[in-house]
């Protein structure tokens, strides 16, 4: 468990204690309540219900104040070294206080301790007009994510998806690994 206090300069009273825990079970209903405070990001009912089901199955981390869970992050493992932020949300009344960043950084340390090397996340691409998702892309850029690819139809028409990736701390590729010349195939192995 990771704990800290919010200080002056935030919209909350000084010395409100926040705790990060995870992975934790049985938090789906609290996750649903958080998602429903964010209709500009989570406004498709079927998607909300899927994220709630996923919170019951996937590793889920939470941030709580004294009274309630105010944020969560679910992870999906693709390979032992490659994970995805499946869903992250902070209750609307608690946004802008660094809770999402603290939650994400906690998860990064948890993953690195287990040998994970890369983390990815998908969000709406810049060609989508949503100012909320522009804010989301800025959040991920501040965390060190880099854009990798846009999938125009992955989530459906008019929902272009941007895939972002991040190398976790301590796992930079060895120097020069991408500078080595490609192996040239002998003439008898080349495609004709």
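Please sort 133-143, 83-93, 147-157 by packing, taking for each peptide the average over its residues of neighbouring beta carbons within 10 angstrom, highest first.
Values: 133-143: 14.9, 83-93: 20.0, 147-157: 12.1.
Highest to lowest by the protection proxy: 83-93, 133-143, 147-157.
Going by how many other beta carbons lie within 10 Å of each one, how would you line up 106, 78, fewest first?
Details: 106 18, 78 10.
Sorted ascending by nearby Cβ count, the order is 78, 106.
How much length would be gained if the chain were fully extended between residue 141 and residue 24, taking 0.36 nm per residue of separation minus their Cα-Cα distance, in nm to one decimal? Can you show the working numbers first?
Numbers: separation 117, 0.36 × 117 = 42.12 nm, distance 2.72 nm.
The span from residue 141 to residue 24 would gain 39.4 nm if fully extended.
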Principal axis lengths of the range 2-172 from Cα atoms, whole Å, largest first? 44, 36, 32
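Every number here is computed from the coordinates shown, using simple stated rules; none is lab data. Note that the structure is predicted; figures quoted are calculated from it, not measured. Note that we place each Cβ from the backbone using ideal geometry, even for glycine, and neighbour counts take in every protein chain shown.
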